[in-house]
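Notes to accompany the following structure.
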Ligand code: SF4
């Protein structure tokens with residue numbers, strides 16, 4: 001595992017649970033608005049933490065933490081992800097995996113083995129704009145497969161989209177709703193231009209609260225629940 005750093009406590013990253021967050025290095029997407037460039041651009045990588053150090057941390061936090069959130073970057077790129085999750089599960093923690101959904105085989109392996117309790121999958125764009133928004137050529141069949149697997153087999157999940165006004169029209173966002181139709185939860189994430197992979201995006205914005213609320217109510221007809229955050 002290439003884990004760049006760890007956040008030792010979070011009350012918001014795993015719904016209703018106290019978690020610690022591990023941030024993996026490396027991503028196969030290049031979303032220009034990405035707020036973790038240090039986990040995406042290899043030139044910004046720092047020396048990774050030792051996996052044993054992280055497992056020791058969780059051993060010592062038994063009874064104090066509920067869950068481990070694995071995020072990135074794209075965690076599914078990590079060759080020993082399954083083994084790492086298994087160690088965390090064996091220590092008695094819930095596991096939440098954040099993923100861009102580009103590697104459905106890894107998602108499937110996690111689900112088949114009962115290794116993840118919650119998945120948050122980013123949906124970058126409607127399928128016909130996926131590569132444009134993700135900044136690389138994306139196999140949208142893989143994205144659709146991940147969506148299907150998560151809907152069918154994940155104990156708890158959310159799909160979420162970072163809303164950058166310049167990248168996604170209201171119609172694009174409704175098309176995403178169609179792609180995930182029937183999903184348990186869809187979250188519209190306001191883009192906050194604090195730090196971005198492409199610095200040109202520091203000047204870009206999200207929709208107004210009124211516009212997002214309007215989208216939320218329209219999307220609520222396609223999914224079980226829709227939230228703005
Ligand atoms: S926002 Fe895009 S580039 Fe950044 S970590 Fe997520 S998938 Fe990778």
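What follows draws every value from the coordinates through simple rules; no lab data is involved. Note that the structure is a prediction, hence the values are computed from the model and not measured. Cβ sites come from the backbone with ideal geometry, for glycine too, and all protein chains shown count toward neighbours.
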- [ ] Would you please put 104-111, 131-138, 65-72 in order of how densely packed they are, using the mean number of other Cβ atoms within 10 angstrom per residue and starting with the highest?
- [x] 65-72, 104-111, 131-138
- [ ] Note the full-extension length gain between residue 228 and residue 50 as 0.36 nm times their separation in residues minus their Cα-Cα distance, in nm to one decimal.
- [x] 60.5 nm
Task: Computed [θ] at 222 nm, helices only, for the chain once each DSSP H run of length n ≥ 4 contributes -39500 (n - 2.57) - done: -9000 deg cm²/dmol
Open item on the list: Along the Cα→Cβ direction, 7 angstrom out, place labels at residue 213 and residue 64. What is the inter-label distance in nm?
Closed with: 4.2
Task: Zone residues, the stretch 113-148, relative to residue 169, backbone N less than 17 Å from point 7 Å out along Cα-to-Cβ - done: 125-133
- [ ] For the chain, find the longest principal axis of its Cα atoms and tell me its angle to the long axis of helix 51-60, 0 to 90°, nearest 10.
- [x] 80
Open item on the list: Students often get this wrong: which residues of the stretch 56-73 have the backbone nitrogen under 16 Å from the point 7 angstrom along Cα-to-C-beta of residue 18?
Closed with: 57-69
Open item on the list: Between helix 81-90 and the chain, what is the angle of the helix's C-alpha long axis to the longest principal axis, kept within 0 to 90° and rounded to the nearest 10?
Closed with: 60
Task: Nearest 10 degrees, 0 to 90: helix 209-219 Cα axis against the chain principal axis - done: 90
